[in-house]
Every structure is written in structure tokens, then in C-alpha cells.
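The values are calculated or read from the model by the stated rules, or taken from the named source; none is laboratory data. Note that the coordinates shown come from a computational prediction; the quantities given were computed from them, not determined experimentally. Every residue, glycine among them, receives a Cβ derived from its backbone with ideal geometry; neighbour counts consider all protein chains shown.
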Amino acid sequence: MSPPQITDRQALVSRATPINNVDIRAVLDATTEPRIVWGAPDQATVVGWGSAATLVANGPDRFSEIQTQAEALFSSGDVHAGTEAARPRLFGGFSFHEQTAARSPWNAFPDARFVFPRVQVTYADSGVWLTVNAVGTDATPTQVEDTLQQAKDRLESLEPHSHDPVAPGIGESHRTTTKQAWTESVNEATRRINAGELQKVVLAQALEASLASEPSIGDILNQLSVSYPNCHLFAIEPPASERISFFGASPERLVSVHGRTVETDALAGTTGRGETPAEDEWLAEELLADPKNTHEHQLVVETIREQLKPYVASISVGDRRVKRLATVQHLHTPITAELATDEHVLSLVEALHPTPAVGGLPPEKALETIIRTEPFERGWYAAPVGWIDAAGNGTFAVALRSAVTTPTTATLFAGVGLVADSDPDAEWDEVELKYRSILDVLEGSSVR
Ligand SMILES: C=C(O[C@H]1C=CC=C(C(=O)O)[C@@H]1O)C(=O)O
């Protein structure tokens, strides 16, 4: 392999070194620049802060624009990563709709933003790694290596995080959709589904809450990682953002591309948790056999299969099963495929988003219905969040079970899939169950 060359002004320098283990919460407490956090089952957990480069795109071409900008950024570089987990990666996400109105709480979120962190700590199987990145005319190996040494010294001297997790506590809270408006919307959706205008639509609600104290993203993510070990954990803080965080613990992987292997999940159809293991099992069996939920789920499986078809040489749909989370259980079908040719992960993200687990069918009619019905801005809720690397690999989750916090407020989001026989009251309660994952950590309630 020929050595990487620095060819233009965009030259990228990246250096990494193993460091002693440092508590992720101590790292987060010590950072003042905007941070990103990513953690997924079977993947290294990453905390990054600052920006060596930031890619922004808006509008319907946001996926291809970010791909072009990422390819330009990674086209030349002087990289010594030491281990695959510490290699240069971009972290960020997209808006749900083609265009996001700059409405609260999304004012600081464009339609797509990816950050190449200035400093990154990676918790990998091979140990803890520190990476320092720089981009531009003044990015020199000597400067980056000096910064790496300084950052290593500083991180290794951090006091361990000693306090128990502190929950911010919730003051007043209200859903932005009234029960009456919700009932009317669900009835209207089911009427249109029964009339054959739509097959399925996912309607969501926002919940606005005041916080009793400023949230600590380290404590929140720590709690979420304990309660939701089989979920994708993320936090994204926009630059110059007055300490705004968008974070969540999503049970749904949108897509992961590694070489030519594609993995994705169909996740739709929900029930609660039982009081006992036997009740849990009973609820899971009921869910697997329930015609409304299996129909809602099967629409997602079939659509994902169709969406992937143009790209893949083979596809394998796993058995339908139940994914059990701390507050709910979902129908889950894992899907794997082999690409016919090399594809950038963002091509697959664009092809799959939004799946009918968060949009509906037919897609255009469902999106129109969502825009017309929902009285709040989805922003990045239910949209792809994740990472990409220089080779076009990456993993994206669907940003569910998520919230935006400021030092004094939280806005939570949750939605439900509606089909012909959906009941407004049951769907209202399901929204509450889906809020619980974030509400529990904000309130400091004990979770399973
Ligand atoms: C839209 C959400 O969940 C989706 C994912 C799993 C189960 C779902 C359901 O049963 O309705 C939804 O399709 C959400 O959590 O906000």
C-alpha cells in the first residue's frame, strides 16, 4: 500500500495512541467543546469533541452532498490510527423531513451535519484509544502529535468520576398534542387506511418538560447504557449551541455497511413489559401472534426488502422475534444482504430512510399526512444518526427514544405505527411507554 499523501489544502492529519482507561463520564465532564457520543451493540463506544471539520448540507440532496463532502475530506490524509477502531470517522445525522423548519428545539440543527472531532476517545476491545485530528493548511504531524501528547496527559490525570448519577428532575410537562386532537388524528388516519388511501402512517407526539436542574449528558448516557444495553446510544451537541444535546437510546438500527455486507432491522409492533418473567413471556407470545401488530411489522419487512433490492446480490430475512427493552417489547426481524457492487453507506441510508417503521406507506402520502397532522417539528427525531469512515462503511440508527435538552428544558419524541384497526386510546398509552425510556433517566426513577 502506498503511503498516504497530503495533496491539497484540505489535508487531514490524524494520530492515535492507546491510553489508560478513563471513565467516560469523567471525560465528558472535562470537555467544554460540543460533544458527540456513539455506542452500539458489538461496536466500540466513542466520545468526541470539538471539530477538525464540519460538513453541513440542507434539502433533499443532503445525503449525497454529505457523501461528496466526506469523500473530499477523506481523499487525502496522513493517518496513523494504530487500530481500526481509532481510524478517522465522521459522526452526525440528518433531519427526518427533506427540510427542517428552524423551530425550537431544532434551531441549531441543519438538515444534515457531520463532525470530524478534534479529539476522540474510543473504548474498543483492544483498549482505550485517543485520537487527535486536524484538517487544513496548518494541520501538521508535529502539531497533531504535540496535541495528542497533551491530551493524553490531561485525560490520564483526570480524577475518576466519583458521584452517583444525578438526574435533573422534571418540573411541569405536557404533550404538545391534546388527547382530543390525537383521537381525531388517529380516527382520520384509520378512516383513510380503511378507504384504501393509505396502508400505514406513523404519527408522533412531542412532550415538553421543564428541568429542575441542568442535565449531565454523562450521567444520562451512563443510565441509558445500563438500562438499554441492546440499543444504539447517541448524543450530538451542535456547535455554539448553549449546551443543547440531542440524545437517545434507539432500539432500531437503520443500516450498517461493512465492505459489501449490509445489516438492517425491521422493528415495529409494540407491547409492554410484564411484572414477572412469565408475564413478559406471555406478552411476547401475544405480540408474535397479534394480527394488528404482525401486519404493521410485515409492511416494514417487505418495504425494506424492496428498498434494498436495487443494491443487493442476495438478501436474507431472519425469523421474526421479540426485542425486549426495559419498558417495551417490539417485533423484530433482522435482515442481512450482500451488495452487488461497492456502495457508500449513505446511499443505503438514503434508500432506506424513512422506513415504514417511522414514516408509512405509500411513503409520499404518509409523509404528507405526518406534515399536515403533527403540530411540532420532527427535526432529527426518527431520522438517521451515526458514523461514516473513509472507506464508505458506517452504521446508522433511527433516532428513536430520544430528546433534545437545554440546561432548563427537555423535548421528548415518540410515535406509533397506525394501521386499519388502531385504537386512539391504546396508541396514546403506547406513546407514554415509549417516552418512559428518557423520562425515567430525567426523573431518576429506577429502571430495570
Ligand atoms: C416511532 C417509534 O417507534 C417505531 C419503532 C418500533 C415500534 C413502533 C411501533 O410499534 O409503533 C414504531 O414503528 C418511536 O419510538 O417513536
Of residues in the stretch 20-39 being farther than 20 Å from residue 162 by Cβ and of a type in the set (A, V, I, L, M, F, W, C), the one surrounded by the most Cβ atoms within 10 Å (Cβ to Cβ): 37
Residues of the stretch 370-419 satisfying the condition of being in contact with a Pro (Cβ under 6 Å, 6 or more places away or on another chain) and not aliphatic (A, V, I, L, M): 396, 405, 411
Subset of the stretch 400-420 that is among the hydrophobic types (A, V, I, L, M, F, W, C) and assigned to a strand (DSSP E or B) - its residue that is farthest from residue 442 (Cα to Cα): 418
Number of the condition not met by residue 63 [criteria: (1) of a type outside the set (Gly, Ala, Ser); (2) modelled with pLDDT of 95 or more; (3) closer than 29 Å to residue 152 by Cβ]: (3)
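Can you find even one residue in the stretch 98-107 that is closer than 19 Å to residue 387 by Cα and either aliphatic (A, V, I, L, M) or not in a loop (DSSP other than H, G, I, E, B) (or both)?
As a first pass, look at the stretch 98-107 and keep what is closer than 19 Å to residue 387 by Cα: none.
Checked against the condition, which is being closer than 19 Å to residue 387 by Cα and either aliphatic (A, V, I, L, M) or not in a loop (DSSP other than H, G, I, E, B) (or both), the stretch 98-107 yields no hits at all.
Given the criterion over 30 Å from residue 242 (Cβ atoms) and modelled with pLDDT under 95, identify the matching residue among 81, 16, 26.
Working: 16 fails: modelled with pLDDT under 95; 26 fails: over 30 Å from residue 242 (Cβ atoms).
The conditions single out 81.
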Members of the stretch 272-290 found to be more than 11 Å from the ligand (Cβ to nearest atom) and either under 21 Å from residue 436 (Cα atoms) or in contact (Cβ under 8 Å) with a residue 40 or more places away in the chain (or both), listed by number: 272, 273, 274, 275, 276, 277, 279, 280, 281, 283, 284, 288
Test: residue in the stretch 368-383 that is within 14 Å of the ligand (Cβ to nearest atom), touching a residue at least 12 places away in the same chain (Cβ under 8 Å) and of a type in the set (Asp, Glu): yes
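Tell me the residue from 204, 181, 235, 209 that is modelled with pLDDT of 95 or more and part of a helix (DSSP H, G or I), please.
On the way: 204 fails: part of a helix (DSSP H, G or I); 235 fails: part of a helix (DSSP H, G or I); 209 fails: part of a helix (DSSP H, G or I).
181 is the lone residue from the list that is modelled with pLDDT of 95 or more and part of a helix (DSSP H, G or I).
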The stretch 387-419 - residue that is under 12 Å from the mean Cα position of the chain (by Cα) and among the small types (Gly, Ala, Ser) and, of those, surrounded by the most Cβ atoms within 10 Å (Cβ to Cβ): 399
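This table checks each residue for (1) within 20 Å of the chain's Cα centre (by Cα); (2) under 20 Å from residue 256 (Cα atoms); (3) part of a helix (DSSP H, G or I).
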{"residue": "280", "(1), (2), (3)": "no, no, yes"}
{"residue": "286", "(1), (2), (3)": "no, no, yes"}
{"residue": "292", "(1), (2), (3)": "no, no, yes"}
{"residue": "295", "(1), (2), (3)": "no, no, yes"}
{"residue": "299", "(1), (2), (3)": "no, no, yes"}
{"residue": "303", "(1), (2), (3)": "no, yes, yes"}
{"residue": "310", "(1), (2), (3)": "no, yes, yes"}
{"residue": "334", "(1), (2), (3)": "yes, yes, no"}
